[in-house]
1. Would you please list the contacts, defined by Cβ atoms under 9 Å and residues six or more apart or on different chains, that run from a residue in region 174-194 that is surrounded by 10 or more Cβ atoms within 10 Å (Cβ to Cβ) to a residue that is in a helix (DSSP H, G or I) and among the hydrophobic types (A, V, I, L, M, F, W, C)?
2. Hey, among the residues in region 24-38 that are in contact with a helix residue (DSSP H, G or I) (Cβ under 6 Å, 6 or more places away or on another chain) and closer than 23 Å to residue 117 by Cα, which one's modelled with the lowest pLDDT?
3. Among 284, 303, which is within 21 Å of residue 192 (Cβ to Cβ) and hydroxyl-bearing (Ser, Thr, Tyr)?
4. In region 254-270, how many are exposed (fewer than 14 other Cβ atoms within 10 Å of the Cβ) and within 20 Å of residue 303 (Cα to Cα)?
5. So which pairs qualify, if the first residue must be in region 210-222 and in the same structural domain as residue 241 (by TED's automatic domain parsing) and without any contact (Cβ under 8 Å) to a residue 40 or more places away in the chain, the second must be crowded, with 19+ Cβ neighbours inside 10 Å and of a type in the set (Phe, Trp, Tyr), the Cβ gap must be under 8 Å, and the two must be at least 6 apart or on different chains?
6. I need the helices (runs of 4 or more DSSP H) fully contained in region 236-336, keeping only those with at least 1 residues that are of a type in the set (Gly, Ala, Ser) and in contact with a helix residue (DSSP H, G or I) (Cβ under 6 Å, 6 or more places away or on another chain).
7. Looking at (1) modelled with pLDDT under 90; (2) within 13 Å of residue 220 (Cβ to Cβ), which one does residue 263 not meet, given that it meets all the others?
8. Can you spot a residue in region 244-261 that is within 30 Å of residue 318 (Cβ to Cβ), in contact with a strand residue (DSSP E or B) (Cβ under 9 Å, 6 or more places away or on another chain) and free of Cβ contacts under 8 Å to residues at least 40 places away in the same chain?
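The values are calculated or read from the model by the stated rules, or taken from the named source; none is laboratory data. On a predicted model such as this, the values are computed, not experimentally measured, just so you know. Positions of Cβ are backbone-derived with ideal geometry, glycine not excepted, and every protein chain shown enters the neighbour counts.
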Amino acid sequence: MEPMEKRLEEMKHKFEENSLNLQSLLEEKEKLTLACNEEMRKMHLMAKDHIQKNFHELEKCMLNLESYKKEIMLEKCESQSGGKRRKVLDDRNENNDLLQMPTMEQARTNEHVMKLLEVQVWEKEILHKRIILLEKNLDEKKVLELDMNKRMMEMTEMSKEKESDMEDLDSLNRMLIVKERRSNDELQEARKELMDALNDTSRQAFFGVKRMGELDIKPFQDACQRKYCSEEADVKAYEFWSLWNDYLKNPEWHPFKRASGMDIVDDKESNLKDLKNELGSKVYNAVATALLEMNEYNPSGRYAIPELWNFEEGRRATLKEGIKFISNKWKKQRHN
C-alpha cells in the first residue's frame with residue numbers, strides 16, 4: 001500500500017503543480033489580451049483624433065480660401081489699374097502659400113499616423129502569435145490535466161480496492177488468530193490434563209513430567225561426597241543446593257550474554273566461576289541447565305514450570321507422544 005500511496009501523492013502534487021501553471025498561463029493570456037485590446041483602442045483613438053484634427057484644419061482652410069476668392073473677385077472688379085492687379089495676384093499667391101502650409105502639415109501628420117499604425121499592427125501581430133502559443137500550451141496542459149485526472153481516479157479506485165482487500169485480509173487474520181488462540185488453549189489444557197495423569201503414575205524411564213528450571217540436587221550430592229566426609233556430605237550438599245536455588249529464584253540475577261542472536265550462560269560471571277572451581281563442572285552444568293530452562297519458560301516469575309518431557313531424547317515431548325504413551329499404558333493394563 002505504501003508505494004501506491006506514495007505514487008498517488010506524487011500524482012496529486014504534479015496535478016496541483018500543473019493546475020498552478022495552467023492558472024498562470026490563463027492569467028498571462030488574459031493580461032496579454034487586455035493589453036492588446038487597450039493598445040488597439042488607443043491606436044484607434046489616436047487615429048481618430050488626428051483625422052478629426054486634420055479635417056477641421058482642412059475645413060478651416062477651405063473657408064479661408066473661399067473668403068479670399070470672394071475678396072479677390074471684388075477687388076478685380078473694382079480695380080482696373082495694373083498695380084492693383086499685381087497686388088491682387090501677389091495676395092492670391094500668398095494666400096495659396098498659406099493654404100499649402102496646412103496641407104503639408106496634414107501630410108506630415110498623416111505620415112506619422114501611418115507609422116504609428118504600422119507599429120501598432122506589428123505589435124498586435126506579435127501579441128496574436130503569443131496568444132496562439134499560449135492557447136496551444138493551454139490545450140496541452142488541459143490534455144495533461146485530463147490524463148492526470150483519469151490516472152488519479154484509477155489510482156484512487158485501485159487504492160480503495162486494495163484497502164478493501166486489506167480489510168478482508170485483516171478480518172481473516174483476526175479470525176485465524178482467535179482460532180489459533182482457542183486451539184492453543186485447548187492444546188494447553190490437554191497437555192495439563194495429560195501431565196496430571198502422568199503425575200498420578202510413577203515416573204517412567206523415558207517419558208514423564210519434568211519441572212523446567214528446577215535444580216537437580218544429585219550433582220551437589222555427588223560433589224560433596226567426594227569433597228567432604230560422609231557425616232557432613234549430605235548437609236553440605238543441601239546447603240549448596242539451597243543457596244543456588246535461591247540464586248535461580250532471584251529475578252535480579254541475570255548471568256547471561258548474547259551470542260549468535262540468543263541468550264547463553266555467562267561462564268565468566270563471578271558466582272558461577274567460584275561454583276565451578278569449588279564443586280566442579282557437573283554442578284556448574286546443572287545450574288547452567290536450570291538457568292536456561294528458567295529463562296525460556298518463566299524468566300519473570302522465576303519458578304519451575306511442569307512440562308511433558310522425553311527423558312530418553314532429552315527434549316520437550318509432543319502432545320501426540322503423550323497420548324500415545326498413555327494409550328499404550330492403558331492397553332497394557334487392560335491386557336493384564
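1. From region 174-194, the pairs are 187/319; 190/319; 190/323; 191/319; 194/319; 194/323; 194/325; 194/326.
2. In this case the residue turns out to be 36.
3. Answer to the check: 303.
4. Number satisfying all stated conditions: 1.
5. 217/241
6. So the answer is 281-297, 319-335.
7. (2)
8. Yes, region 244-261 contains at least one residue that is within 30 Å of residue 318 (Cβ to Cβ), in contact with a strand residue (DSSP E or B) (Cβ under 9 Å, 6 or more places away or on another chain) and free of Cβ contacts under 8 Å to residues at least 40 places away in the same chain.
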